[in-house]
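Encoded as structure tokens, the structure appears first; notes follow it.
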Amino acid sequence: MVKVIVTGAAGHMGRIVKDLVEQSSDMEVAACISPSAADGALAHPEDFTGDADIVIDFSNHEGTEELMNYCTAHGVPAVVATTGQTEAEKACIAKAAESIPVFFSANMSVGVAFLTKIAKLAAQVFPDADVEIVEAHHNRKLDAPSGTALMLADAVKEVKTDAEYRCGRSGHCKREKNEIGISSIRMGNVVGEHEVFFNTGSQTITLKHSAHDRALFAEGALDAARFLLKQGPGLYGMDDLMGQE
Ligand SMILES: NC(=O)c1ccc[n+]([C@@H]2O[C@H](COP(=O)([O-])OP(=O)(O)OC[C@H]3O[C@@H](n4cnc5c(N)ncnc54)[C@H](O)[C@@H]3O)[C@@H](O)[C@H]2O)c1
């Protein structure tokens, strides 16, 4: 059985991951990590002294450095699904990936990976279009714009290399041609909506993904864990999981 450490175990995603691992036939929970240390969880990864095969992390970016230090020191691969990392925290993830396998994606759904690919394709086909991204999430989400919105913007920027991100729009200032506008909405219990608009002046192409159930991301994280256990050190993402360039 694959022994899994679940970080952010008391959170919305962590609880779903824990349940899915417990229900699976090939995995078991080795430890739960949660700063509150409630329900038998440990406060820090280093508090766990047993054996583990992998970490699945849906927590908070402030724990990323500590988690990467634990994983590197103990040779434990990590699926990092947490979003909102600073550049320094992203550098910690990249550094860890030099010695252990790390899977890092702001969105664990294959549908969003597909959306990202076609957003890049649309940017190639419509190089002069105004690009706007609108994302909606539940009212508890901490980071804005969402990691997925930034991932979509990054895919467009691979084509429109001079693009600049404009997160939120207000005041008296017209749109610049090289902008990628990113707008965030927070309300109720919305699981995750992402729309990318390409407006050429005479037409609009709209690409949209709606997540209906958070289990989608947890299932993707377990698939990523199974994939990662077969890999050597390196940084992996959804493209690798889908077996494409
Ligand atoms: N990659 C994806 O597909 C995907 C999907 C959904 C959510 N997320 C991300 O996963 C994260 C968690 O989302 P959620 O909806 O479960 O949030 P949540 O607020 O419900 O849960 C977060 C949990 O992390 C814990 N935590 C806080 N600081 C911590 C630290 N320093 N170390 C360890 N744990 C800490 C909290 O106690 C809480 O239990 C967010 O960053 C969110 O954006 C990613």
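Give segment 169-200 a look and list any residue that's more than 20 Å from the chain's Cα centre (by Cα) and in contact (Cβ under 8 Å) with a residue 60 or more places away in the chain, or say none. Correct list: Phe197, Phe198, Asn199, Thr200.
Which ones in segment 7-34 are farther than 25 Å from His212 by Cβ and free of Cβ contacts under 8 Å to residues at least 24 places away in the same chain? Once the filter is applied, which keeps residues that are farther than 25 Å from His212 by Cβ and free of Cβ contacts under 8 Å to residues at least 24 places away in the same chain, segment 7-34 yields only Ser25. Within the set Ala43, Ala91, Ala38, the sole residue that is within 13 Å of the ligand (Cβ to nearest atom), free of Cβ contacts under 8 Å to residues at least 24 places away in the same chain and out of contact with any helix residue (DSSP H, G or I) (no Cβ under 6 Å at 6 or more places or on another chain) turns out to be Ala43. Of the residues Ala9, Ala97, Ala78, the single one that is buried (at least 21 other Cβ atoms within 10 Å of the Cβ), in the same structural domain as Leu235 (by TED's automatic domain parsing) and more than 16 Å from the ligand (Cβ to nearest atom) is Ala97.
How many residues are within 12 Å of the ligand (Cβ to nearest atom) and in contact (Cβ under 8 Å) with a residue 60 or more places away in the chain if we restrict to segment 203-221? Counting residues in segment 203-221 that are within 12 Å of the ligand (Cβ to nearest atom) and in contact (Cβ under 8 Å) with a residue 60 or more places away in the chain gives 10. Each residue in segment 96-124 was checked for being touching a residue at least 40 places away in the same chain (Cβ under 8 Å) and under 30 Å from Ala73 (Cβ atoms), and 12 of them qualify. Filtered by the rule that a residue be of a type in the set (Ser, Thr, Tyr) and surrounded by 13 or more Cβ atoms within 10 Å (Cβ to Cβ), segment 137-183 gives Ser146, Thr148, Tyr165, Ser183. Quick check on segment 51-69: of everything there that is farther than 16 Å from Val17 by Cβ and in contact (Cβ under 8 Å) with a residue 40 or more places away in the chain, which residue is farthest from the ligand (Cβ to nearest atom)? Within segment 51-69, the match that is farthest from the ligand (Cβ to nearest atom) is Asp51.
Yes or no, residue by residue, for (1) at pLDDT below 95; (2) out of contact with any Asp or Glu (no Cβ under 6 Å at 6 or more places or on another chain):
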position: Ala155; (1), (2): no, yes
position: Cys173; (1), (2): yes, yes
position: Asn178; (1), (2): no, no
position: Gly181; (1), (2): no, no
position: Gly188; (1), (2): no, yes
position: His194; (1), (2): no, no
position: Asn199; (1), (2): no, no
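Pick out the one residue from Ala43, Ala37, Ala78 that is closer than 21 Å to Phe227 by Cα and of a type in the set (Gly, Ala, Ser). Before you say what the answer is, go through the steps one by one.
Values: Ala43 fails: closer than 21 Å to Phe227 by Cα; Ala37 fails: closer than 21 Å to Phe227 by Cα.
Being closer than 21 Å to Phe227 by Cα and of a type in the set (Gly, Ala, Ser) holds for just one of Ala43, Ala37, Ala78, which is Ala78.
Could we say that Asp128 is of a type in the set (D, E, K, R), at pLDDT below 95 and either more than 16 Å from the chain's Cα centre (by Cα) or within 13 Å of the ligand (Cβ to nearest atom) (or both) here?
When the stated conditions are applied, Asp128 does not pass them.
The values are calculated or read from the model by the stated rules, or taken from the named source; none is laboratory data. Treat the numbers as computed from the prediction; the structure is a model and nothing was measured. Note: ideal-geometry Cβ built from the backbone for every residue, glycine included; neighbour counts use all protein chains shown.
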